[in-house]
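Taking it in order: structure first as structure tokens, then the write-up.
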Amino acid sequence: MSYGVSKAAMWSATESMRIELAPRGVQVVGVYVGLVDTDMGRFADAPKSDPADVVRQVLDGIEAGKEDVLADEMSRQVRASLNVPARERIARLMGN
């Protein structure tokens, strides 16, 4: 549970910084990605994103003025699920 809470807190902080810094011309980009093929994720038995691909997507997003970069399919699915009521979304994520 604490992992999900920390992700939600970071999303909230990103949104707050974006609003607070916009008048100063500072672009804040939220980067959302699941597993990345790094030493930290080497034991995970799931699809992983190539770090270079994530970096390219982030740089392209900055250049395009995007507010968020959804760097993999998992992140895109999670973002799409946010339009679903929380109880139903959690049940789906838990496989119920």
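Nothing in this text is a laboratory measurement; each read-out follows from the coordinates by a stated rule. Predicted model, so just to flag it, every value in this text is computed and none were measured. Here Cβ is always computed from backbone atoms with ideal geometry, including for glycine, and neighbour counts include all displayed protein chains.
I need the full set of residues from the range 71-91 which are loosely packed, with under 14 Cβ neighbours inside 10 Å and of a type in the set (D, E, K, R), in order please. Explain how you work it out, then say what you get.
Of the residues in the range 71-91, the ones loosely packed, with under 14 Cβ neighbours inside 10 Å are 73, 76-77, 79-80, 82-88, 90-91.
Matches in the range 71-91: E73, R76, R79, R87, E88.
Pairing residues of the range 36-54 that are without any contact (Cβ under 8 Å) to a residue 12 or more places away in the chain and closer than 16 Å to A71 by Cβ with residues that are surrounded by 11 or more Cβ atoms within 10 Å (Cβ to Cβ) and among the charged types (D, E, K, R), at Cβ distances under 6 Å and at least 6 apart in sequence or on separate chains, gives G41/K48.
Scanning the range 45-54 for residues that are of a type in the set (A, V, I, L, M, F, W, C) and either closer than 21 Å to A8 by Cβ or surrounded by 13 or more Cβ atoms within 10 Å (Cβ to Cβ) (or both) returns a single hit, V54.
Tally time: how many residues in the range 41-96 are β-branched (V, I, T) and in a strand (DSSP E or B)? Before the answer, list the steps.
We begin by selecting, within the range 41-96, every residue β-branched (V, I, T); these are 54-55, 58, 62, 69, 78, 84, 90.
Restricting the remaining residues to those that are in a strand (DSSP E or B) gives 69.
Number of matching residues: 1.
Based on this model, can you work out whether I62 counts as surrounded by 13 or more Cβ atoms within 10 Å (Cβ to Cβ) and closer than 13 Å to G30 by Cα? Before you say what the answer is, go through the steps one by one.
Working: surrounded by 13 or more Cβ atoms within 10 Å (Cβ to Cβ): yes; closer than 13 Å to G30 by Cα: yes.
The answer is yes for I62.
Report, by residue number, each residue of the range 1-40 that is in a loop (DSSP other than H, G, I, E, B) and surrounded by fewer than 14 Cβ atoms within 10 Å (Cβ to Cβ). Answer for the range 1-40, where residues must be in a loop (DSSP other than H, G, I, E, B) and surrounded by fewer than 14 Cβ atoms within 10 Å (Cβ to Cβ): M1, G25, V26, Q27, T38, D39, M40.
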